[in-house]
Ligand SMILES: Cc1cc2nc3c(=O)[nH]c(=O)nc-3n(C[C@H](O)[C@H](O)[C@H](O)COP(=O)(O)OP(=O)(O)OC[C@H]3O[C@@H](n4cnc5c(N)ncnc54)[C@H](O)[C@@H]3O)c2cc1C
């Protein structure tokens, strides 16, 4: 009998748990540990902020969903892992102390590195949890004149909600007839082409121009006051409302093990196995791969890790390899969506599509997650 421990109840951890439950026989024990029993469907948070869906549409109860799949769920805070003793230290929660494992899937996502930006908590709105999203939505409802800045910091690697927020704001301002009174500015440390490739980058720049959204690239924020964002070189922009995605780092639970890059992201091979550690896999935002960090990547990595872990338990070699693909859908609140598909590890040309279908497809994906986990 093997004890499999999965850390983290996001896209990566949930898919790994589900696939393992399908692939392993009942004699093996599968446990998922996460700090919160609610799964959050982050791609829908911009829609939540703009009142296009409700709080209960973007979360589901993990314990309930996991029990159905014979996965034990423990709500608890992971402090550290010890790969030599094969134990995970739990700081607090439904259990405390050390949990032993034979095989581990690390899927703890990443942590905010707001310590890098002075004044972030006091002065910026963000979309990184449901309550903060609702708070931003209320601020938008009460905002009728002035400049709104939407953007991301160096190391956010999360462009989709920035552009979706800017497009949703432009639509709202137009519906209210407030175009003369509201100015929308997107700020980014990189040009979109550098982040998501030339094809999608150009499409986004065109979409921003059509909606009279100002775009400031090469703007790497390092401090925020009550009414201005400032870069390390002293460039400043004034705002009346700010939605800013912070920098991130890898999870602190793995930072001291010598398995990460300088930003704390875990080094894995194409089978999702942690370099130099048998029986340990890592998936999702926590791994050290190039480009934006996205939920569909975490889900695919969870799938690959589960297939290889199940094979390892049965005494076989790896059976699945990950291809690092970017599949990006930028929803424009119901009209023209933008879809990009690109293999980040090859030089093949990207596929770019426009149309209402893509906004619809993104909502359908949310509904699929809701239905299949409720
Ligand atoms: C506003 C927003 C919009 C987005 N839009 C898109 C989109 O359109 N398309 C897309 O593909 N991606 C999108 N993303 C990115 C996507 O949500 C992430 O890439 C995805 O959530 C990563 O999954 P994960 O499982 O690696 O990590 P997470 O989803 O972050 O899950 C990590 C889990 O581990 C738990 N955890 C963390 N630390 C601990 C600890 N110490 N102890 C116990 N539990 C812990 C967390 O509570 C969480 O449940 C968006 C993200 C945001 C914030």
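The values are calculated or read from the model by the stated rules, or taken from the named source; none is laboratory data. Bear in mind that the values here come from a model prediction, so they are computed numbers and not experimental data. No Cβ is skipped: glycine too gets one built from the backbone with ideal geometry, and neighbour counts run over all protein chains shown.
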Report, by residue number, each residue of the stretch 167-181 that is out of contact with any helix residue (DSSP H, G or I) (no Cβ under 9 Å at 6 or more places or on another chain) and in a helix (DSSP H, G or I). 171, 173, 174, 175
Which residues, counting only those in the stretch 67-78, are surrounded by 20 or more Cβ atoms within 10 Å (Cβ to Cβ) and away from the ligand (no atom under 12 Å from the Cβ)? 71
Can we say residue 203 is buried (at least 23 other Cβ atoms within 10 Å of the Cβ) and under 23 Å from the mean Cα position of the chain (by Cα)? no
Exactly one condition in (1) under 23 Å from the mean Cα position of the chain (by Cα); (2) surrounded by fewer than 22 Cβ atoms within 10 Å (Cβ to Cβ); (3) touching a residue at least 12 places away in the same chain (Cβ under 8 Å) is not met by residue 194; state its number. (3)
Yes/no for residue 157 being within 22 Å of residue 246 (Cβ to Cβ), outside any helix (DSSP H, G or I) and within 16 Å of the ligand (Cβ to nearest atom): yes
Is the stretch 271-280 home to any residue that is within 15 Å of the ligand (Cβ to nearest atom) and buried (at least 22 other Cβ atoms within 10 Å of the Cβ)? yes
Close pairs from the stretch 123-134: first under 12 Å from residue 49 (Cβ atoms), partner assigned to a helix (DSSP H, G or I) and within 8 Å of the ligand (Cβ to nearest atom), Cβ under 6 Å, at least 6 apart: 127/45; 127/133; 127/161; 133/45
Given the conditions (1) touching a helix residue (DSSP H, G or I) at 6+ places or on another chain (Cβ under 6 Å); (2) buried (at least 20 other Cβ atoms within 10 Å of the Cβ), report the number of the one that residue 162 does not fulfil. (1)
Among (1) farther than 17 Å from residue 52 by Cβ; (2) free of Cβ contacts under 8 Å to residues at least 12 places away in the same chain - the single one residue 138 does not satisfy: (1)
Do we find a residue being in contact with a helix residue (DSSP H, G or I) (Cβ under 7 Å, 6 or more places away or on another chain), over 23 Å from residue 128 (Cα atoms) and in contact (Cβ under 8 Å) with a residue 24 or more places away in the chain anywhere in the stretch 214-234? no
Can you name the condition, by its number, that residue 106 falls short on among (1) within 11 Å of the ligand (Cβ to nearest atom); (2) over 22 Å from residue 223 (Cα atoms); (3) at pLDDT below 95? (3)
Going through the stretch 42-72 in order, the residues found to be in contact with a strand residue (DSSP E or B) (Cβ under 7 Å, 6 or more places away or on another chain) and under 25 Å from residue 137 (Cβ atoms) are 58, 59, 60, 61, 62
Have a look at 195, 199, 164 and point out the one that is farther than 17 Å from residue 331 by Cβ, at pLDDT below 95, in a helix (DSSP H, G or I) and within 16 Å of the ligand (Cβ to nearest atom). 195
Can you name every one of the strands (runs of 3 or more DSSP E) wholly within the stretch 231-299 that holds 1 or more residues which are within 20 Å of residue 89 (Cα to Cα)? 248-250, 280-282
